[in-house]
Each structure stands twice: as C-alpha cells, then as structure tokens.
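Input: a single structure, listed below in structure tokens.
The values are calculated or read from the model by the stated rules, or taken from the named source; none is laboratory data. Here the structure is a predicted model, which means the values were calculated and not measured. We place every Cβ from the backbone using ideal geometry, glycine too, and count neighbours over all the protein chains shown. Each accessible area value is taken on the protein alone, full model and side chains, heavy atoms only, with ligands, DNA and RNA left out. Shrake-Rupley method; radii C 1.70, N 1.55, O 1.52, S 1.80 Å.
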Amino acid sequence: MVSAALAIGQRPVQSPNSGLPLVCWFEDCLKESVPLVGGKCSSLGELINAGVRVPPGFALTTEGYRRFMAGAGLTPEIASVLAGLDARDLDALERASAKIRVLIEAQPFAEEIEDGVAECYRKLALRACVPAVPVAVRSSATAEDLAGASFAGQQDTYLWIRGIDEVLHHMRRCISSLYTGRAIAYRANKGFGDDTLAISVGVQKMANAYTAGVMFTIHPANGDRSVIVIDSNFGFGESVVSGEVTPDHFVVNKVTLDIIARTISHKQLCYTVDPKTQTSRAIEVPFERQNVQSLIDDEITELAWMGKQIEKHYGRPMDIEWAVDKDLPSGGNIFILQARPETVWSVKRRPALAAFGGSAMDYILSGMLAGKRVS
C-alpha cells in the first residue's frame, strides 16, 4: 500500500459552488464514496485503505464531470437527442449514441479541471519514478458495480495511455461512453434515469503485466462458495475480460488454498505494450508459450489468499481483476486492479452447489482420512 502522505501534496481542486473536489486520489476514497467517484474508484480506495496492493491513481470526480457537462452546455442537448427514443430500436440507439459521443468528445475541459488533472498526473509520475507514466483510464459510473445490477463493462477502459494530452482525451472518451447504445438501453430497461446518473474517471498507474486475469471468490458456474476460481492469460487482462481467448483455469480450495483443478488452455493471443508506439495492442503468443501455464502455483496461492482477504473485508463474494507486474520482483508484484460484488450467484436464495465432492470441510476430512497433507 502506498502511503497517502506521498500522494497528497496539496489540497484537492474544489468546485467553487459545491465545495466538493473536482479531482481526488484513490486513497481519499472509501466504499461510501460512490456518489463522488463511482463504483470502481470507490472500491479501489477501499482496497488501498484495507491494505490491499493496488496501483496508485486518482479520479476526476462526479463533481468534475458535472462541471464539465454544465460548462459545455451539453445536458439539454443530450436530453433533446434522447427524448422519445425507443430503447428497442437498435439503429436509432446507435445514431443517438454516435451524435452524443461526438458532442462530448469535442468539448475541452475547463481550465481548473485540466490543471487539476495535470498536477495529479505529474505527481503520479513522480511516485512511480517514470516520466509520462503509463496509465489505465477507467470509467467509474455511480450506478456501476452495485450489488443486484451488473453495470460492469457498460463504459470504457483505455490501457497504456501516456502524456497529459492523451489522458485528457481518453477521459472525455470515458465520459462519452456513458452514452453508448448498449449503456443507454440497459439504463432504460433497468429504470435508471439519466438525470440521476453521473460518472467519474479513474487514472491508474498501469501494471506492466506479464500475466493478468480475473478471480471469483465463488464458483461462477455453480455458486460453490468453498472455492476460488482464477482465469489467466499472458499480458494485460483485456483478452480474458473480453473473452477473446480461452484462459488458463484454476480452482482453489478456499480453506486450504490447495489447487484442486487446473486447465491449461491453448492461448494464441494476448495484449501487451508495443515498444515502438507505446500503446496497448494484441499480439500472437509465441508458439513455445501457447500451451504453458500462465501463472506459477505460488502466484495462484497468493492470489487466492488475497481474494479471501478481499471477500472477508467486503463480507460477500467478489469478482476481482488482477495483474502480475513483470517489472517488479516476485513477492510484491501481484496487484489488484479492481474488485466488485459478484451479482449472479451471491444474490440467489438457494444453497450453492458444492463441486469436487463437497464442501471445504469435506475436502479437509477426506485428505486427513487419506493421509494427505492439507496445510
């Protein structure tokens, strides 16, 4: 965990009208900060304050978003485009989306917002000891990652962004992704009005991932709470999250942290940084690595242990994104990129089905009877 004292060099830039910050650091956020920084950024702040290893970063707050939209005079124009729109008409949705996104992305930020973001980006680069530090620019909507509503993936994330001009440009793209056709339709179907919706944008130091992926502290296929499931691939986690590859798959006993099932997949594609253009791009996995396990067993065990701690902190099953940074030594190079409540099995009333012959205690007892070391 990075000390908050290193992150805060001056008072945050505040809106003169509300007194709320326009930009704030992740470590100043908690899970109750959703109205200010959205679900994703509030979760990152909560994890940092709980002692979880998270790459540092900052957020344009919802107050900054509102100030941007009001200053550009976009709210009435967007409302006019959306008025009377049929959420079932896909062609009309896409036309409205394209019009709104062009409007948003063409608008500059107010000088005070631009200066606040630039100062935070400069300090983030100093903390990372990397000039023009590569960052992930992540959308964080106030209705995102909430229990009972799977808004994850509705808005955009951009990886390996360098330089303040590119950061500001991709922040506007994140804001405009609030109005993709899919997002407009989903909100309409769920009854979320645009008048109560806001978005924050997180800017987080990139983990230069050798391997990355997702982890569930409940089995996503059958709801078994006695296991942790980890999916991984080489490079950034985008290939796993997007479903572009079949990742390596590991099932870990939640009590003993033993790996009780593994499937090593044929992995042909991964995302990594292009050294010439300094951008994230898809490449072919070298032939000799395509059938190699992308996580070593010690990393699987450490990830599962981290997943247990996160689940314990939140008190519910979690859906977690993670990365192993190849620029750092082992033992301190596994990072949590985001964590959100699992919203499928954890809200069901029926008891979870146990996989692999029973519960975690069944597994321990069977191991003892067989004379197997289980811890």
Counting only residues that are modelled with pLDDT under 95 and open to solvent by 60 Å² or more (accessible area, probe 1.4 Å), region 158-171 contains a total of 0
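Considering every residue within region 289-300, establish whether at least one is at pLDDT 95 or above, open to solvent by 50 Å² or more (accessible area, probe 1.4 Å), in a strand (DSSP E or B) and among the β-branched types (Val, Ile, Thr).
If we filter region 289-300 for residues that are at pLDDT 95 or above, which is where we start, we get 289-300.
Filter once more, keeping what is open to solvent by 50 Å² or more (accessible area, probe 1.4 Å): 289, 291-293, 296-298.
Now narrow it down to the ones that are in a strand (DSSP E or B): none.
So far as region 289-300 goes, no, none of its residues is at pLDDT 95 or above, open to solvent by 50 Å² or more (accessible area, probe 1.4 Å), in a strand (DSSP E or B) and among the β-branched types (Val, Ile, Thr).
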Would you mind telling me which numbered condition in (1) open to solvent by less than 40 Å² (accessible area, probe 1.4 Å); (2) in contact (Cβ under 8 Å) with a residue 40 or more places away in the chain Lys205 fails? (1)
Those strands (runs of 3 or more DSSP E) completely within region 211-280 that have 3 or more residues that are among the hydrophobic types (A, V, I, L, M, F, W, C) and crowded, with 18+ Cβ neighbours inside 10 Å are 227-234, 248-253
